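Asker: Dropping the structure in here first, questions after.
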Amino acid sequence: MITRYESGVYLLEGSRIVREGEAPALGLKGLSPSEGRKGTMAHGILSAHQQGAGLTNLNLRFDSLTSHDITYVGIIQTARASGMEKFPVPYVLTNCHNSLCAVGGTVNEDDHKFALSAARKYGGIYVPPHLAVIHSYNREMMATCGGMILGSDSHTRYGALGTLAVGEGGGELAKQLLGKTYDISYPPVVAVYLTGTPTPGVGPQDVALSIIAAVFDTGFVKNKVMEFVGDGIAALPVDFRNGIDVMTTETACWSSIWKTDEKVRRYFEVRGRPEAYRELAPAQTAYYEGLLYVDLATIEPCIALPFHPSNVYTLRELQANAQDILAKVEAEGQKSLGIPGLTLKLREKYRDGGIWADQGIIAGCSGGIFDTIMAATDILEGKSIGNGAFSLSVYPDSQPSYMELVKNGTVARLMAAGATVHPAFCGPCFGAGDTPANGELSIRHTTRNFPNREGSKPGAGQIATVALMDARSITATAANKGRLTAATERDASFGKYRYFFDTAIYDKRVYNGTGRPNGAVPLILGPNIKDWPPMPPLADNLLLKIISYITDPVTTTDELIPSGETSAFRSNPLGLAEFTLSRKDPHYVERAKAVQGSEALRQAGTPDEETRQVLRKIRTIPAFADIEASHIDIGSTIYAAKPGDGSAREQAASCQRVLGARANLAREYATKRYRSNLINWGMLPLLVTDERVFSLGDYLFLPGIRQAVDARTEPVSAYVVGKGIREISLSLGPLSDGERHILLEGCLINYYAAPTS
């Protein structure tokens, strides 16, 4: 049972829940939201990291930063171009995404050599390929109770270890590297009250998916802090908590934090860092903007069907209504993909009274956790996955975990059952490893099941699908030769798992140059590592052509810039830009380049015929009767109803920018991090109330837009130029002073290069 308390609540003595409106009737005097907010764990951590005055507007500095090999090159290149001379805080550079160095020739390993040279030059921490996935290394070596970590990966979540961690676009990390602050309005805090004990066979992914299903569609925790409290925490091993916590990203929350206890103390002691622990708990009175009440004993094995972690059913419900549910998901998926003739073949997975998967994957920061692999192995003990079509791959999340699984015999047990065990790698989570065959269904304990996260290419007629499940039910299914099976349906004896951490693995291989920069070390720049191209400042007037029009309820960052095979181009802005919207709108790049061509002709003083036609229409407006092409910059824009769900990858915005985009149009932005990415790359985050006023191919004329941004003018006046011309109002939403200046300068790099920055 999961219950939402939609309005404010007080938590008294950590256990008594009192709705805000009930407090006076219960005789509870002296309670006020303003004072109660100070009682949250989040408040204490945010206060300790605030650099400015008060707490209404936060100006935060983080204790450490972390990036992986899809994002760190662009971040360091941005900071370097902006004047960075050293890393001011510990900066962990992991190599867990572009680890398959045969993909794209030498470029992935070139990036790794760049990172090692940067760690030496600027004083960072370099974690070699296959040694650990990004979040596992940070859990093991960087998280501290009461600390804050900023990462350029959306699943930067270490709340179960008492760390308020945030996943953001690369621009926000570049600001930290330049000694600047992370600026945000004080976030609302929502309590997640856990009670009860999970049924044997129910795992952290089951709990996480149940929570995601309860909050995502309504935006209940969007851009908020989820604060985990309640008596149910004590029953959960720390790895179980980590498995829930990392999935909070899929709720669209800003961050998460948990009450800590002796189990967390033991976690740090085992890893040789006892000083990282301190007890965190809400005060005797704490006020929350809402509360989610989760009875762990009622959680059942779950599955998130394509194409979102919130598309959740219990396995019991799915098995009882398989044909109807699979038909519904297939129809919704085909509509979302919008590719004529492409079929998902989900209904074909139902046969002989059951649902049959083709592949199982247990991997990464959510599934590759030590305790999770141990429990999954207990279910598979003595069984066989068979020699049919079904396959099972297991990726422990770090080399220390892998070593312990070898020492205690778990790897041997997995291999004896027919599973393949791999080193640490995030590839299966984003489409760069274990890609299923066309038409297959993969069940995965990973973080996401967006379209193409398994590596298929729908635009080329290839489509596979991913469903998210807990590792326990995945191995129960494996023991049943691929027939979907809940772990609670299998008899298994679950052990109590003791972990012995060998720090020597990291001591021997990780380069830690924190606080020891050596400016004489040259950066190693492979042939694919390119500087950012020049980007113009915001013009006085803008003319934007709408070159993509997406009406899906949500547009993910994977649809804006695909994951998987594009990873080899992450260090080459123009090379990567060739893939922009390639799976969602294959004609986007050619349209964007055509607009860039129009802008080049305008700058040369020879505007093309289309531009001249648009100008003639604009001149029919009396106020602009004399406007010339030289007075207007031309760029492109897209409309998407709700863009930016998913990854923190800044490339979802920067790829549009290097192709000449100057704005996005949206009803709302799915995440704070995507909106921040737009701003950091000099793109206006425009909001519309009625997208029907314009169409694909129309132009949007924004007169005086630079003055509007500078003066905080709201609403922003604009004109739709299509068959006719029509005035509309747009909004930029709230902008901090820093964000306004970044937009005016044209991007973050320009802003820091400007004399006044």
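The values are calculated or read from the model by the stated rules, or taken from the named source; none is laboratory data. Everything numeric here is computed off the predicted structure, so don't read it as measured data. Virtual Cβ from ideal backbone geometry, glycine too; neighbours counted across all protein chains shown.
Asker: Of 10, 72, 91, which residue is more than 30 Å from residue 651 (Cα to Cα), buried (at least 17 other Cβ atoms within 10 Å of the Cβ) and among the aromatic types (Phe, Trp, Tyr)?
Answerer: After applying the criteria, what remains is 10.
Asker: What residue, among those in the stretch 248-271 that are farther than 17 Å from residue 223 by Cα and of a type in the set (Val, Ile, Thr), is farthest from the chain's Cα centre (by Cα)?
Answerer: Checked the stretch 248-271; the qualifying residue farthest from the chain's Cα centre (by Cα) is 270.
Asker: Right, next: From 110, 69, 153, which residue is among the acidic types (Asp, Glu) and more than 22 Å from the chain's Cα centre (by Cα)?
Answerer: Within the list 110, 69, 153, the selection yields 110.
Asker: What are the residues in the stretch 708-725 that are surrounded by 13 or more Cβ atoms within 10 Å (Cβ to Cβ) and over 20 Å from residue 185 (Cβ atoms), if any?
Answerer: Across the stretch 708-725, the qualifying residues are 708, 710, 713, 715, 716, 717, 718, 719, 720, 721, 722, 725.
Asker: Still on this structure, please answer the following. Quick one: how many residues across the stretch 626-665 are among the hydrophobic types (A, V, I, L, M, F, W, C), assigned to a loop (DSSP other than H, G, I, E, B) and either touching a Pro at 6+ places or on another chain (Cβ under 9 Å) or closer than 20 Å to residue 731 by Cβ (or both)?
Answerer: So the count comes out to 3.
Asker: Being in a helix (DSSP H, G or I) and crowded, with 20+ Cβ neighbours inside 10 Å is the filter here, so list the residues in the stretch 397-416 that pass it. Give the steps one after another, and end with the answer.
Answerer: Filtering the stretch 397-416 down to residues in a helix (DSSP H, G or I) leaves 399-407, 410-416.
Within the stretch 397-416, 399, 400, 401, 402, 404, 405, 410, 411, 414 meet the criteria.
Matching residues to (1) within 24 Å of residue 551 (Cα to Cα); (2) not β-branched (Val, Ile, Thr):
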residue: 673; (1), (2): yes, yes
residue: 679; (1), (2): yes, no
residue: 702; (1), (2): yes, yes
residue: 707; (1), (2): no, yes
residue: 730; (1), (2): yes, yes
residue: 733; (1), (2): yes, yes
residue: 747; (1), (2): no, yes
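Asker: Hey, another quick one. Go through the stretch 241-253 and count every residue that is touching a strand residue (DSSP E or B) at 6+ places or on another chain (Cβ under 6 Å) and more than 17 Å from residue 194 (Cα to Cα).
Answerer: So the answer is 1.
Asker: Within the stretch 681-693, take every residue that is out of contact with any Lys or Arg (no Cβ under 8 Å at 6 or more places or on another chain) and modelled with pLDDT under 95 and give me the one that is surrounded by the most Cβ atoms within 10 Å (Cβ to Cβ).
Answerer: 690
Asker: May I pose another question? With the condition being closer than 26 Å to residue 431 by Cα, among the β-branched types (Val, Ile, Thr) and not assigned by TED's automatic domain parsing to the domain that holds residue 124, I'd like the helices (runs of 4 or more DSSP H) fully within the stretch 1-104 carrying at least 2 qualifying residues.
Answerer: none
Asker: So, residue 692, is that one basic (Lys, Arg), assigned by TED's automatic domain parsing to the domain that holds residue 614, assigned to a helix (DSSP H, G or I) and within 26 Å of residue 592 (Cβ to Cβ) or not?
Answerer: Values: basic (Lys, Arg): yes; assigned by TED's automatic domain parsing to the domain that holds residue 614: yes; assigned to a helix (DSSP H, G or I): yes; within 26 Å of residue 592 (Cβ to Cβ): yes.
Considered against the rule, which asks whether it is basic (Lys, Arg), assigned by TED's automatic domain parsing to the domain that holds residue 614, assigned to a helix (DSSP H, G or I) and within 26 Å of residue 592 (Cβ to Cβ), residue 692 comes out as yes.
Asker: State all residues of the stretch 323-369 that are in contact with a Leu (Cβ under 7 Å, 6 or more places away or on another chain) and surrounded by 24 or more Cβ atoms within 10 Å (Cβ to Cβ); if no residue qualifies, say none.
Answerer: 346, 355, 357, 360
Asker: Right, next: Quick one: what pairs do we get from the stretch 696-719, first residue at positive phi, second of a type in the set (Ser, Thr, Tyr) and surrounded by fewer than 16 Cβ atoms within 10 Å (Cβ to Cβ), C-beta under 8 Å, 6+ apart or different chains?
Answerer: From residues that are at positive phi, the pairs are 704/717.
Asker: Follow-up question, since we're still on this one. Residue check, residue 59 against (1) more than 30 Å from residue 121 (Cα to Cα); (2) touching a Gly at 6+ places or on another chain (Cβ under 9 Å), all met but one. Which one?
Answerer: Result: residue 59 passes all but (1).
Asker: For residues in the stretch 342-351 being charged (D, E, K, R) and in contact (Cβ under 8 Å) with a residue 12 or more places away in the chain, which is nearest to residue 476 (Cα to Cα)?
Answerer: Ranking the candidates gives 349 first.
Asker: Hey, can you tell me all the residues within the stretch 272-298 that are of a type in the set (Val, Ile, Thr), more than 25 Å from the chain's Cα centre (by Cα) and within 27 Å of residue 21 (Cα to Cα)?
Answerer: 285
Asker: Hey, another quick one. Report the residue count in the stretch 386-396 for those that are in a loop (DSSP other than H, G, I, E, B) and free of Cβ contacts under 8 Å to residues at least 60 places away in the same chain. Can you show your working first?
Answerer: From the stretch 386-396, those in a loop (DSSP other than H, G, I, E, B) are 386-390, 396; that's our starting set.
This time we only want the ones that are free of Cβ contacts under 8 Å to residues at least 60 places away in the same chain, so: 387, 396.
Number of matching residues: 2.
Asker: Determine which single condition residue 307 fails, assuming it passes every other condition in (1) at pLDDT below 90; (2) in the same structural domain as residue 446 (by TED's automatic domain parsing); (3) not aliphatic (A, V, I, L, M).
Answerer: Tallying (1) at pLDDT below 90; (2) in the same structural domain as residue 446 (by TED's automatic domain parsing); (3) not aliphatic (A, V, I, L, M), residue 307 fails exactly one: (2).
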